[in-house]
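The values are calculated or read from the model by the stated rules, or taken from the named source; none is laboratory data. Every value quoted in this text rests on a predicted model; they were computed, and no experiment measured them. When we count neighbours, we look across all protein chains shown, and the Cβ atoms used for this are built from the backbone with ideal geometry, even at glycine. Accessible surface is based on the protein model in full, side chains and every heavy atom, while ligands, DNA and RNA are left aside. Shrake-Rupley method; radii C 1.70, N 1.55, O 1.52, S 1.80 Å.
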Amino acid sequence: MGYTAKFKVWRGDDTGGGIEDFSVDVNEGEVVLDIIHRLQATQAPDLAVRWNCKAGKCGSCSAEVNGKPRLMCMTRMSTFTEDETITVTPMRTFPVIRDLVTDVSYNYEKARMVPAFAPPADLAPGDYRMAQVDVERSQEFRKCIECFMCNNVCHAVRDHEENKTTFSGPRFLMRIAELDMHPLDTVDRREVAVEDHGVGYCNITKCCTEVCPEHIKITDNAIIPLKERIADKKYDPIFSIASLFKRNKEGRQSAPDTPKATK
Amino acid sequence: MSEIERHSFDVVVIGAGGAGLRAAIEARMQGKRVAIVCKSLFGKAHTVMAEGGIAAAMGNVNSHDNWQVHFRDTMRGGKFLNSWRMAELHAKEAPTRVWELETYGALFDRTPDGKISQRNFGGHEYPRLAHVGDRSGLELIRTLQQKIVSLQQEDYRETGDYEAKIKIFAEVTITRLLTVDGRAAGAFGYYRETGNFVTFEAPAVVLATGGIGKTFKVTSGSWEYTGDGHALAMRAGATTLNMEFIQFHPTGMVWPPSVKGILVTESVRGDGGVLTNSEGTRFMFNYIPDVFKDKYATTPEEADRWYTDPDNNRRPPELLPRDEVARAINSEVKAGRGTPHGGVYLDVSSRLPAEVIKKKLPSMWHQFKELADVDITKEAMEVGPTCHYVMGGVEVDPDTQQTLLPGLFAAGEVSGGLHGSNRLGGNSLSDLLVFGRRAGLGAAEYVEALPVRPAVDDAMLADAEAEALAPFSNVGDENPYTIHADLQNTMNDLVGIIRTESEMVDALARLQEFKVRVKNSSVKGGRAFNPGWHLALDLKNMLLVAEAVAKASLDRQESRGGHTRDDYPKMSDEWRKINIICRYDGEGAVIEHQPMQPMRPDLLELFDVEELKKYLTAEELPTHDAGSDH
Ligand SMILES: Cc1cc2nc3c(=O)[nH]c(=O)nc-3n(C[C@H](O)[C@H](O)[C@H](O)COP(=O)(O)OP(=O)(O)OC[C@H]3O[C@@H](n4cnc5c(N)ncnc54)[C@H](O)[C@@H]3O)c2cc1C
Ligand code: SF4
Ligand code: SF4
Ligand code: FES
């Protein structure tokens, strides 16, 4: 059952650091985060790590385990062999604060730049009517726990620090798509997606989709449709925000009793 | 003393869960400048974990539902120890608060006619919980977070500064509330990232710090649940109420050990899951208490019919209030009818098709698959009680949420009263919205009416700084992690789900020893993001809270809701009239009794006299005849 595992953990801060070696006990059923906690309790009390729920729900404990972005609380030790050395390093795309904790403020700044949900002005609370099939598309994206591993893995920022000012990463392109597919939203964010969030940087490698712990099809279901709608707009000779909004929003309305205001 | 960063706001909200965010939104809408301070990253608060949904009598699924029914259910669930005024406001305002979320962009699951769908939950007479699969808390917190972003965008358009009216201080831990002349004056804390200190000067402070789960070993709570708000309030001169009432959720995971306590949502039972023991018996039929006899099915056949025909059948006993189910599971395990890992079985695999399970309970499916290697569409889960929620909390005015300290408000799990001795599932998220908003409003109105703002002086800050730095200069070699583990074991074993006098006396003695050990605990490393230091500071809060819980539990000589005494197994009409209040006397928690306000006659009239007889003393009974509105 129990055994002693070899761990390598990156320790340091914004001035530098390196890998430290540990030998640490592992019990049946444990996850990587349990082992990090055991290190804190027994060998390295000041080892910095973020976590909250320990159930894969809050997206706090993102790190790179053997080079792959993972939620530490959902990475079972049984997925490794007993003689394997397990290396835990902080997410690479974001600046290190200390040990496994990184500065993810980039993500919050980008979140703040996405124009908010705007319902029809004359639709009273309580009168919202939407069909399940119509909300499901956006609901898929709202499963996002903001672990930021997709943004961490996307090569457009991972390998290009300079793109951070103009590119928001898959998480926030998906947020734009989510609002865009909301049956009652009234704003057109296509310009913004191009100008402020750099949707053009994405070349559909799908690395983001692969790491998403919520198994959201970020590329296929959010980014590609978003790109298509933008292309639509660019090639539409009689383009006007109003007419396009009408067409795109209306095409989706299928809930019975949808208030007139949204039609 | 080093130079300490200072900020000045109208309202400081401590906590960024549902309650804190809703309070901040309200205070900002009232035109106030607001700071939101939280220990974690923004959007990660405990609320994110809530699964089942938000209780609100919208009547979308069963049109018989209304606020009166919700009020009755809440009072029954809390065994009439609730603040009836809060229960009234809660039931009346919850639907508006949920509809409002849709205007912020929330996308709940829908009914066939396009309204917000509502699901069944324990203790709720009708399907009442607005939900999104089993990730309702995530939807709630993200929606509120996004509403805050939208307000910041408004402010940006007006002033060119996103943070003109709402500023978020994430990963900042408050260690002390500042008071001047018996009024709130602000809060003091440190940045987790750097260890640097920060002072917030504000005439109004809203506490929305959540619960106390981390004082117990087996818990569904996150690391943040160290009872900070309860302790901060008590130290600042406010009081807590009925801290003995702690909800042990009947279904936490029991295996493997590292995930013991993680929640298995009640929706599993609401959607048809059944509890069985090692002999294969659906044992809940043997545990229907007298007070609920006429409301629950007595045979599996009737129980099963209820899912499709709720108007003509009584509900399955698996859906009894949580305290009843948790005690039943505890008894089955004690009687030797438990599973190999000390729980009971919870099964949906034989009740619903695999596809339906994955659709309705996606995160449960994942959770068991990924953490326990169990496929819940094929096998039963093993579950047992886990410390989940504290019904007790900071004593507040039911309308404004102001505590006994003027200028200090509290909302959400940290506040007490609404849930009485036991909370119904779904009533927390609605609590956060209803009373978060009221606290934000109360704080704004308080600031408005205040003639002069209190001024924070340097001496106060020097003292707070010294207190926070003390663990670095302690000389002992106690490890804070070890003390924490010992505290959790003590509370779990001695002040847990079933309590008895001798064990609680023992627990109180140990708590005194822990206090000494905490003073001897030393911290290694520097101030930048040092979890060992953070824990050493949190421990002081946990100890004060644990003491309040243990003393109140020892004092209350009856069993009711989330407080079960082996030595006083019955509910007592006399004890129902008593609120146990806790305050801090400079050393620790001290308790006193406060009489319960009698319920307003028009609310009493919502109940049958026969039912009231189960809870009230003879003198309290009204003279009205059985009400007709049921
Ligand atoms: C697994 C699980 C499932 C649940 N499911 C449901 C459900 O379906 N329906 C329901 O109604 N309820 C449910 N609950 C209960 C409900 O989620 C909680 O009671 C509720 O979310 C608490 O919200 P809150 O706003 O009071 O505090 P929280 O969301 O806990 O937020 C507390 C905030 O305070 C901050 N904080 C704490 N201390 C400090 C400090 N010293 N300094 C600065 N900041 C501090 C934290 O960082 C955090 O931001 C569930 C609970 C759990 C654990
Ligand atoms: S698909 Fe696009 S957004 Fe996703 S990782 Fe690749 S380039 Fe980045
Ligand atoms: S989309 Fe997936 S990977 Fe990206 S932040 Fe959300 S949960 Fe994480
Ligand atoms: S701790 Fe919440 S996702 Fe890992």
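Before we move on, is B:Arg183 of a type in the set (D, E, K, R) and either open to solvent by less than 10 Å² (accessible area, probe 1.4 Å) or touching a Lys or Arg at 6+ places or on another chain (Cβ under 8 Å) (or both)? Full working, then the answer.
Details: of a type in the set (D, E, K, R): yes; either open to solvent by less than 10 Å² (accessible area, probe 1.4 Å) or touching a Lys or Arg at 6+ places or on another chain (Cβ under 8 Å) (or both): no.
Considered against the rule, which asks whether it is of a type in the set (D, E, K, R) and either open to solvent by less than 10 Å² (accessible area, probe 1.4 Å) or touching a Lys or Arg at 6+ places or on another chain (Cβ under 8 Å) (or both), B:Arg183 comes out as no.
If you check B:Thr219, B:Thr251, which single one turns out to be within 14 Å of the chain's Cα centre (by Cα), away from ligand 2 (no atom under 16 Å from the Cβ), crowded, with 24+ Cβ neighbours inside 10 Å and β-branched (Val, Ile, Thr)?
Values: B:Thr251 fails: within 14 Å of the chain's Cα centre (by Cα).
Checking each option against the conditions leaves just B:Thr219.
Restricting attention to the range A:130-159, and to residues there that are near ligand 3 (Cβ under 9 Å from one of its atoms) and part of a helix (DSSP H, G or I), which single residue is farthest from the other protein chains (Cβ to nearest Cβ)? If you could, list the steps in order and put the result at the bottom.
So in the range A:130-159, the residues near ligand 3 (Cβ under 9 Å from one of its atoms) come out as A:141, A:143-153.
Subsequent filtering for residues that are part of a helix (DSSP H, G or I) retains A:141, A:149-153.
Values: A:Phe141: 10, A:Met149: 14, A:Cys150: 16, A:Asn151: 14, A:Asn152: 14, A:Val153: 19 Å.
In this case the residue turns out to be A:Val153.
Scan B:Gly280, B:Gly261 and give me the residue that is crowded, with 24+ Cβ neighbours inside 10 Å and closer than 16 Å to B:Tyr345 by Cα. Before the answer, list the steps.
On the way: B:Gly280 fails: crowded, with 24+ Cβ neighbours inside 10 Å.
It is B:Gly261.
Just name the residue that is nearest to ligand 3 (Cβ to nearest atom) out of those in the range A:160-196 that are in contact (Cβ under 8 Å) with a residue 40 or more places away in the chain and hydroxyl-bearing (Ser, Thr, Tyr).
Of all residues in the range A:160-196, those in contact (Cβ under 8 Å) with a residue 40 or more places away in the chain come to A:164, A:168-190, A:192, A:196.
Checking the rest, the ones that are also hydroxyl-bearing (Ser, Thr, Tyr) come to A:168, A:186.
Values: A:Ser168: 12, A:Thr186: 25 Å.
Taking the candidates together, the pick is A:Ser168.
Looking at the range A:55-72, which of the residues that are open to solvent by 30 Å² or more (accessible area, probe 1.4 Å) and more than 14 Å from ligand 3 (Cβ to nearest atom) is nearest to the other protein chains (Cβ to nearest Cβ)? Outline the logic, then answer.
Initial filter on the range A:55-72 (open to solvent by 30 Å² or more (accessible area, probe 1.4 Å)): A:66-68, A:70.
Filter once more, so that each one left must be more than 14 Å from ligand 3 (Cβ to nearest atom): A:66-67.
Numbers: A:Asn66: 18, A:Gly67: 20 Å.
Applying the filter and picking the extreme gives A:Asn66.
Among the residues of the range A:154-174, what is the count of those that are hydroxyl-bearing (Ser, Thr, Tyr) and either open to solvent by less than 50 Å² (accessible area, probe 1.4 Å) or in the same structural domain as A:Arg92 (by TED's automatic domain parsing) (or both)?
Here is the first cut: in the range A:154-174, the residues hydroxyl-bearing (Ser, Thr, Tyr) are A:165-166, A:168.
Those left that are additionally either open to solvent by less than 50 Å² (accessible area, probe 1.4 Å) or in the same structural domain as A:Arg92 (by TED's automatic domain parsing) (or both): A:168.
Adding up the residues that qualify gives 1.
List the residue pairs whose Cβ atoms are under 9 Å apart, where the first residue sits in the range A:37-54 and is more than 29 Å from B:Leu138 (Cα to Cα) and more than 7 Å from chain B (Cβ to nearest Cβ), the second is of a type in the set (Lys, Arg) and open to solvent by 40 Å² or more (accessible area, probe 1.4 Å), and the two are 6 or more positions apart or on different chains.
A:Ala44/B:Lys524
Filtering the range B:384-421 down to residues that are more than 10 Å from ligand 1 (Cβ to nearest atom) and at pLDDT below 95, which residue is nearest to the other protein chains (Cβ to nearest Cβ)?
B:Gly384
Please verify whether A:Cys154 is within 16 Å of ligand 4 (Cβ to nearest atom), under 24 Å from B:Phe42 (Cα atoms) and at pLDDT 95 or above, treating the condition exactly as stated.
Values: within 16 Å of ligand 4 (Cβ to nearest atom): no; under 24 Å from B:Phe42 (Cα atoms): yes; at pLDDT 95 or above: yes.
Here the answer is no, as A:Cys154 does not meet what is asked.
Residues that are in contact with a Ser or Thr (Cβ under 7 Å, 6 or more places away or on another chain) and away from chain A (no Cβ under 14 Å), at least 2 per element: which strands (runs of 3 or more DSSP E) completely within the range B:149-224 meet that?
Working: elements: B:166-170, B:172-180, B:183-191, B:197-201, B:204-207.
The qualifying strands (runs of 3 or more DSSP E) are B:183-191.
If A:Leu173 passes every condition in (1) near ligand 2 (Cβ under 10 Å from one of its atoms); (2) modelled with pLDDT under 95 but one, which one does it miss?
Among (1) near ligand 2 (Cβ under 10 Å from one of its atoms); (2) modelled with pLDDT under 95, A:Leu173 violates only (2).
Taking the options A:Val194, A:Val153, name whichever one is within 16 Å of ligand 2 (Cβ to nearest atom), under 21 Å from A:Pro69 (Cβ atoms) and not polar (S, T, N, Q). Talk me through it step by step, then tell me what you get.
Working: A:Val194 fails: under 21 Å from A:Pro69 (Cβ atoms).
So the residue among A:Val194, A:Val153 that is within 16 Å of ligand 2 (Cβ to nearest atom), under 21 Å from A:Pro69 (Cβ atoms) and not polar (S, T, N, Q) is A:Val153.
For the range B:79-122, give me each residue that is open to solvent by less than 30 Å² (accessible area, probe 1.4 Å), facing another protein chain (nearest Cβ under 10 Å) and in a helix (DSSP H, G or I).
Passing the criteria: B:Pro95, B:Arg97, B:Val98, B:Leu101, B:Glu102, B:Tyr104.
Just one of A:Glu20, A:Glu28 is away from ligand 3 (no atom under 16 Å from the Cβ) and away from chain B (no Cβ under 11 Å); which is it?
Residue meeting the stated conditions: A:Glu20.
Have a look at B:Leu151, B:Leu178, B:Leu144 and point out the one that is buried (at least 21 other Cβ atoms within 10 Å of the Cβ) and within 30 Å of B:Ala55 (Cβ to Cβ). Even if it seems obvious, please write down each step before you answer.
On the way: B:Leu151 fails: buried (at least 21 other Cβ atoms within 10 Å of the Cβ); B:Leu178 fails: within 30 Å of B:Ala55 (Cβ to Cβ).
So the residue among B:Leu151, B:Leu178, B:Leu144 that is buried (at least 21 other Cβ atoms within 10 Å of the Cβ) and within 30 Å of B:Ala55 (Cβ to Cβ) is B:Leu144.
Taking A:Asp103, is it open to solvent by 30 Å² or more (accessible area, probe 1.4 Å), facing chain B (nearest Cβ under 10 Å) and touching a strand residue (DSSP E or B) at 6+ places or on another chain (Cβ under 7 Å)? Can you show your working first?
Numbers: open to solvent by 30 Å² or more (accessible area, probe 1.4 Å): yes; facing chain B (nearest Cβ under 10 Å): yes; touching a strand residue (DSSP E or B) at 6+ places or on another chain (Cβ under 7 Å): yes.
So A:Asp103 passes the test.
Quick check on the range B:618-629: of everything there that is assigned to a loop (DSSP other than H, G, I, E, B) and surrounded by fewer than 13 Cβ atoms within 10 Å (Cβ to Cβ), which residue is modelled with the highest pLDDT?
Applying the filter and picking the extreme gives B:Thr623.
Please name all residue pairs, on different chains or six or more residues apart, with Cβ atoms under 7 Å, provided the first residue is in the range B:39-51 and is closer than 12 Å to B:Glu139 by Cβ and the second residue is near ligand 1 (Cβ under 6 Å from one of its atoms) and part of a loop (DSSP other than H, G, I, E, B).
B:Thr47/B:Gly17
Hey, can you tell me all the residues within the range B:38-64 that are over 11 Å from B:Gly425 (Cα atoms) and more than 16 Å from ligand 4 (Cβ to nearest atom)? Let's see the steps before the verdict.
If we filter the range B:38-64 for residues that are over 11 Å from B:Gly425 (Cα atoms), which is where we start, we get B:38-49, B:56-64.
Listed by number, the residues that qualify are B:Ala56, B:Ala57, B:Met58, B:Gly59, B:Asn60, B:Val61, B:Asn62, B:Ser63, B:His64.
The rows are residues; the columns are (1) within 14 Å of another protein chain (Cβ to nearest Cβ); (2) under 24 Å from the mean Cα position of the chain (by Cα); (3) surrounded by fewer than 23 Cβ atoms within 10 Å (Cβ to Cβ).
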site: B:Ala536; (1), (2), (3): yes, yes, no
site: B:Leu539; (1), (2), (3): yes, yes, no
site: B:Val545; (1), (2), (3): no, yes, no
site: B:Ala552; (1), (2), (3): no, yes, no
site: B:His563; (1), (2), (3): no, yes, no
site: B:Asp566; (1), (2), (3): no, no, yes
site: B:Lys570; (1), (2), (3): no, no, yes
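Can you pull out the residues in the range B:230-241 that are over 19 Å from B:Leu487 (Cα atoms) and either open to solvent by less than 10 Å² (accessible area, probe 1.4 Å) or charged (D, E, K, R) (or both)?
Taking the range B:230-241 and keeping what is over 19 Å from B:Leu487 (Cα atoms), we get B:232-241.
Residues satisfying the conditions are B:Leu232, B:Ala233, B:Met234, B:Arg235, B:Ala238, B:Thr239, B:Thr240.
Of the conditions (1) within 14 Å of another protein chain (Cβ to nearest Cβ); (2) open to solvent by less than 20 Å² (accessible area, probe 1.4 Å); (3) over 30 Å from B:Leu418 (Cα atoms), B:Val518 satisfies every one except a single condition; which number is it?
Single failed check for B:Val518: (1).
Looking only at the range A:197-228, count every residue that is within 16 Å of ligand 4 (Cβ to nearest atom) and free of Cβ contacts under 8 Å to residues at least 40 places away in the same chain and tell me the total.
1
On the given criteria, is A:Lys110 away from chain B (no Cβ under 14 Å) and either assigned to a strand (DSSP E or B) or surrounded by fewer than 23 Cβ atoms within 10 Å (Cβ to Cβ) (or both)?
Working: away from chain B (no Cβ under 14 Å): no; either assigned to a strand (DSSP E or B) or surrounded by fewer than 23 Cβ atoms within 10 Å (Cβ to Cβ) (or both): yes.
Criteria not met by A:Lys110.
Kindly indicate whether B:Gly393 is open to solvent by less than 20 Å² (accessible area, probe 1.4 Å), outside the structural domain of B:Thr251 (by TED's automatic domain parsing) and touching a Gly at 6+ places or on another chain (Cβ under 9 Å). Outline the logic, then answer.
On the way: open to solvent by less than 20 Å² (accessible area, probe 1.4 Å): yes; outside the structural domain of B:Thr251 (by TED's automatic domain parsing): yes; touching a Gly at 6+ places or on another chain (Cβ under 9 Å): yes.
Here the answer is yes, as B:Gly393 does meet what is asked.
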